[in-house]
Amino acid sequence: MRFNNKVALVTGAGSGMGKSIALFLAKEGADIIVNDINSELANATADDINNIGQQGLSVTADISSEDEVQSMVEKSIVVFGRIDFLINNAGISDQFVPTIEQKADYWQRVIDIHLRGCFLCSKEVGKHMIEKRYGKIVNISSVVGIGGSPMRNAYGPAKAGIIMLTKTLAVEWASYNINVNSVSPGYILTPLIEKGIELGIIDDKVIIRRTPMGRLGRPEEISEAVAFLLSDAASYVNGCNLPVDGGWTSFGSYGDAFNIP
Ligand SMILES: NC(=O)c1ccc[n+]([C@@H]2O[C@H](COP(=O)([O-])OP(=O)(O)OC[C@H]3O[C@@H](n4cnc5c(N)ncnc54)[C@H](O)[C@@H]3O)[C@@H](O)[C@H]2O)c1
């Protein structure tokens, strides 16, 4: 039980990786503030956490809204008195449209949820972490924030921004005993990706061939990496971006990456 007596706020914890991270940390002894914009999903994750025997507090909020983030953090502090861990995970996909056809409003929405959301949650939770002189933040970026992907003109820049925000906060808050790191998942089988495959905007067969390990990732494989960065084992890791991608970002050759003779 690595996280006994710790309190973690996980954004977008109603589905996919956020839900997996929330349950993973609860199984290791943490109480969880379960954020999602969808209250039904947030309540279901909080129920699962209560069933594990930890406290799950469901808080519905849109992380791109400053008012809603402030209320969420205030409510969490009233209930728990502190927030030890923040996992900035909530996000949406982009629409994979050519840049000249991208609608400025949709572009802005993607940037707002990912980058502004990560900034707002870090700012509000960071105030309390600074006061306590303790905290760990893990931001979920993406391999799409590391290498350029055509038609991902909003998501890619937002995720790249998250990597730089991570480094900025890591060096700004290091002297307060706050570690800030990011994880960049490759393609992980969650409802977000399942929907993309269903709509025909993501081709999983091509992704599998382009991934040196020859498969999509599992949400638990991201939870393991997040838990490591939150644990004492990573006490001197700060400002790092950890790709968890089956080798995706290391592959720089031509053609398929899997089953190379
Ligand atoms: N699945 C992948 O392959 C993959 C790869 C790299 C990065 N990511 C990133 O991982 C994170 C989680 O993705 P996932 O695949 O689990 O997706 P998902 O769609 O399964 O879960 C995302 C959750 O975030 C919530 N959410 C969306 N907008 C929100 C908002 N404004 N405020 C609060 N909650 C909001 C959704 O309701 C949903 O429950 C995202 O940031 C995504 O960009 C995913």
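Name the residue that is farthest from A30 (Cα to Cα), counting only residues in region 216-250 that are in contact with a Ser or Thr (Cβ under 8 Å, 6 or more places away or on another chain) and in a loop (DSSP other than H, G, I, E, B).
First pass over region 216-250, keeping only residues in contact with a Ser or Thr (Cβ under 8 Å, 6 or more places away or on another chain): 219-220, 222-223, 239-249.
Restricting the remaining residues to those that are in a loop (DSSP other than H, G, I, E, B) gives 239-240, 245-247.
Details: G239: 23, C240: 23, D245: 26, G246: 28, G247: 31 Å.
Per the criteria, the residue is G247.
Given the conditions (1) buried (at least 21 other Cβ atoms within 10 Å of the Cβ); (2) within 25 Å of N177 (Cα to Cα), which single one is not true for T45?
Result: T45 fails condition (2) only.
Filter region 120-150 down to the residues that are within 20 Å of I21 (Cα to Cα) and within 16 Å of the ligand (Cβ to nearest atom) and list them by number.
Passing the criteria: C121, S122, V125, I137, V138, N139, I140, S141, S142, V143.
Any residue at all in region 151-159 that's surrounded by 14 or more Cβ atoms within 10 Å (Cβ to Cβ) and within 30 Å of R2 (Cα to Cα)?
Within region 151-159, one or more residues are surrounded by 14 or more Cβ atoms within 10 Å (Cβ to Cβ) and within 30 Å of R2 (Cα to Cα).
Of all residues in region 142-165 being of a type in the set (S, T, Y) and in contact (Cβ under 8 Å) with a residue 12 or more places away in the chain, which is farthest from I87 (Cα to Cα)?
Ranking the candidates gives Y155 first.
Suppose we filter S39, S20 for residues that are within 14 Å of the ligand (Cβ to nearest atom), among the small types (G, A, S) and buried (at least 18 other Cβ atoms within 10 Å of the Cβ); which single one remains?
Testing whether each residue is within 14 Å of the ligand (Cβ to nearest atom), among the small types (G, A, S) and buried (at least 18 other Cβ atoms within 10 Å of the Cβ) leaves just S20.
Of everything in region 45-72, what is more than 10 Å from the ligand (Cβ to nearest atom) and in contact with a Gly (Cβ under 8 Å, 6 or more places away or on another chain)? Give them in sequence order.
Within region 45-72, A46, D47, D48, I49, N50, Q54 qualify.
Determine which member of the set T190, T168 is closer than 29 Å to Q95 by Cβ and touching a residue at least 60 places away in the same chain (Cβ under 8 Å).
Just a single option satisfies the conditions, and that option is T190.
Could you grab the pairs with beta carbons closer than 6 Å, sequence gap of 6+ or different chains, first residue in region 43-56 and modelled with pLDDT of 95 or more, second one hydroxyl-bearing (S, T, Y) and surrounded by 15 or more Cβ atoms within 10 Å (Cβ to Cβ)?
Hits for this filter: N43/S58; A46/S58.
Quick one: which helices (runs of 4 or more DSSP H) sit completely within region 1-110 and have at least 3 residues that are touching an Asp or Glu at 6+ places or on another chain (Cβ under 6 Å)? Outline the logic, then answer.
Numbers: elements: 16-27, 39-52, 66-80.
Those helices (runs of 4 or more DSSP H) span 66-80.
The values are calculated or read from the model by the stated rules, or taken from the named source; none is laboratory data. Computed from a prediction, not measured in an experiment: that's the story for all the values here. FYI the Cβ positions are ideal-geometry reconstructions off the backbone, even for glycines, and counts take in every protein chain you see.
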